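All remarks here apply to the structure that follows.
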């Protein structure tokens, strides 16, 4: 049985716990299965190392209950958590096989396909020898993910919780117009809105470093993570933030997906992401498990009009206040945004344009056209 599942951003914590607990629940329901490795191997491959570590720790926490209930501690490996690159390396060097693996879990499937991991994922699929159950989790459901599911899985079942790509209504979204040169100073004022912990997102690594240094100079207990920092430093920063030893975490989108930080009060977007999907992922770090959170986003003239239109319609859908400078914006095809019950762009999921004006699809087509004739 192959299974495809979508989980809305507002239940991200539940999403992580659900796929961790799936195999463990099955083991508990049938004691005889516990002794058979051939039908209970499971592999999870999240996109980021931080998320892999967090998932592994959560699985270990749940598995302790099995031995407490009288189950013996079995030898061998029954569950593997690995990023796609590391998993491919292990399989290629024959350091492990998937001959007896029966469960496969992909988290942040939309991001994985976006970053060009589709061929790697299909290669990993080819290492399976027997029947498997596959679970794909994604907070957004653009056309490319639907196409991937239909082509890579057998009769996939889609479970939707709310509209794919919608923002949680537990999040109070505040959009403010801030000039580029004033943004870094305005962060301090925004930090006064709530008590810590607070997440600050920026697109560029150099902006993350600049914000981090500025906050430290102002006496704020802050840490920073981005792809340019080594793994040890990133892990240490994440642990300090999770244990409430630091009040603010400044990060690129490496922290916007999958990672589950407890009790985030406030998310500050130093800049608006180029993709509305990334915006949904960012603000989804707060307002989790039924709690209320605040998301403050800085925008100015540097933001693309198509992104602002997507943001405007996302705010309307989530019943949030739309600032005047966004409310006055209109696209030429505004009246065609809802056709036949299908809202916005069917390719990328953006709410402020149709597929005929999709910048992501246009960029893809341009890239494909440039590659024609090349070897």
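Derivation of every value follows stated rules applied to the coordinates shown; laboratory data play no part. Computed from a prediction, not measured in an experiment: that's the story for all the values here. Cβ placement follows ideal geometry from the backbone for every residue including glycine, while neighbour counts extend to all protein chains displayed.
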Open item on the list: Quick check on the exposure proxy: order 61, 281 from fewest to most C-beta atoms within 10 angstrom.
Closed with: 61, 281
- [ ] First obtain the Kirkwood hydrodynamic radius of the range 63-107 from its Cα pairs, then insert it into the Stokes-Einstein equation at 37 °C and 0.692 mPa s, and state the resulting D in µm² per second as a whole number.
- [x] 259 µm²/s
Open item on the list: Quick check on the exposure proxy: order 301, 143, 312 from fewest to most C-beta atoms within 10 angstrom.
Closed with: 301, 143, 312
TODO: Treat the count of other C-beta atoms within 10 Å as a stand-in for reagent exposure and order 57, 174 from fewest to most.
DONE: 57, 174
Task: Cα-based equivalent ellipsoid of the range 235-313: semi-axis lengths in Å, sorted from largest, via gyration tensor - done: 25, 14, 11
- [ ] Wrap a convex hull around the Cα atoms of the range 87-196, take a quarter of its surface area, and give that in square nanometres.
- [x] 11.3 nm²
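Take the alpha carbon atoms of the range 131-178, find their radius of gyration, then divide it by 2.2 N^0.38 Å using N residues; give the quotient.
For the range 131-178, the normalised Cα radius of gyration comes out at 1.61.
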Task: Cβ crowding within 10 Å averaged over residues, with 195-206, 269-280 ranked highest first - done: 269-280, 195-206
- [ ] Can you check what the Kirkwood hydrodynamic radius comes to for the range 152-260, Cα pairs only, in Å to one decimal?
- [x] 16.0 Å
Task: Length gained when the stretch residue 99-residue 123 is fully extended (0.36 nm per residue, less Cα-Cα span) - done: 7.2 nm
